[in-house]
Amino acid sequence: MSRLRPINSSTLGFTLLELVIAMAIFAIMSTIAYSGLNNVLTAKARTDEQAQQLVRLQLAFTHMGRDISQAVNRGIRDEYGEVQAPLIGRDLDGFLIELTRSGWRNPIPQEQRPRSSLQRIAYKIEDEKLIRATWPMLDRDQDGLIIENEMLDHVTKLEFNFLDKTNNDKWHTSWPQLEPGNQDPDVSPPRAVKVIMETKYFGKLERVFAIPGQA
């Protein structure tokens, strides 16, 4: 006849209370770990977004700098046949600046598709987007074809100031400066252009671009 052996407490499993406590501790640790991971991922996403915005901002200023620094004293005729100054710095059909620049590279050999190396460009803000506009020809036809490219978003403000060509280093908010009664005004580009831009990510930024050849 077999005899009953005493139960050894070391062979028993977890009690219900111990399981509940273990699960509660695991849940708390999981929550802390997820919160930390989520914060890391959120910070990385914001950093990546700001890095992309910084790259686009640098490209936008690079384009502006090239356009402005290569401005030339060549006026155009618009689609209505009216003569426009080489550089216009005021609100003109929504554009804040419009100018003629040189250095427009032709990717097709000139003998196959001849065209001018000059180009008319303009900048404006539309729905907090920086828009760069170009025209296929300097002197426009009635179709008024225009090509617009978005350079940067989250732009809340854009201004241009223009440095006087005299020695008083005066900045103007519009260009050209037309004096009343002057029958032969100087409409050539200014000495330099200051770009004032405000963005969501980087606040207020200023850049000054000189125009070579303007005394």
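Each reported figure results from applying straightforward, stated rules to the coordinates on display, with no laboratory input. Values in this document were obtained by computation on a predicted structure and should not be read as measured data. Note: ideal-geometry Cβ built from the backbone for every residue, glycine included; neighbour counts use all protein chains shown.
Run the numbers for residue 93 and residue 28: contour at 0.36 nm per residue of separation, minus the present Cα-Cα distance, in nm.
On the way: separation 65, 0.36 × 65 = 23.40 nm, distance 6.04 nm.
My answer for the length gained is 17.4 nm.
Provide the FRET efficiency to the nearest 0.05 for the residue 149-residue 35 pair, computing r from the beta carbons and using R0 = 41 Å. Working shown, then result.
Working: r = 42 Å, r/R0 = 1.02.
The value I calculate is 0.45.
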Output ³J(HN,Hα) for the range 40-50: one whole-Hz value per residue in order, computed from phi by the Karplus curve 6.51 cos²θ - 1.76 cosθ + 1.60 with θ = phi - 60°, and x for Gly and Pro.
-> 5, 5, 5, 5, 5, 4, 5, 5, 5, 5, 5
Report the far tail of the P(r) of the range 137-215, meaning the percent of Cα-Cα pairs longer than 15 Å.
-> 69
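By count of other Cβ within 10 Å, fewest leading, how are 175, 104 ordered? Could you put the intermediate results ahead of the total?
On the way: 175 24, 104 15.
Fewest-to-most ranking of 175, 104: 104, 175.
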Going by how many other Cβ atoms sit within 10 Å of their own, how do 101, 90 line up, fewest first?
-> 90, 101
Work out, step by step, the length gained on full extension between residue 184 and residue 17: first 0.36 nm times the residue separation, then minus their alpha carbon distance; give nm to one decimal.
-> 50.4 nm
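Compute the Kirkwood hydrodynamic radius of the range 33-113, taking the inverse of the mean of 1/r over all pairs of distinct Cα atoms, and give it in Å to one decimal. Let's see the in-between values first.
Details: mean 1/r = 0.0593 Å⁻¹.
Kirkwood hydrodynamic radius for the range 33-113: 16.9 Å.
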Which value in Å does the Kirkwood hydrodynamic radius of the chain take, with 1/r averaged over all unlike C-alpha pairs and then inverted?
-> 22.0
Round to the nearest 0.05 the FRET efficiency obtained for residue 83 and residue 200 when R0 = 41 Å and r is the Cβ-Cβ distance.
-> 0.60
The chain: calculated mean residue ellipticity at 222 nm from DSSP helix runs of at least 4, using -39500 (n - 2.57) = -9500 deg cm²/dmol
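Calculate, in nm to one decimal, what residue 191 and residue 45 gain on full extension: separation in residues at 0.36 nm each, minus their alpha carbon distance.
Length gained, residue 191 through residue 45: 48.4 nm.
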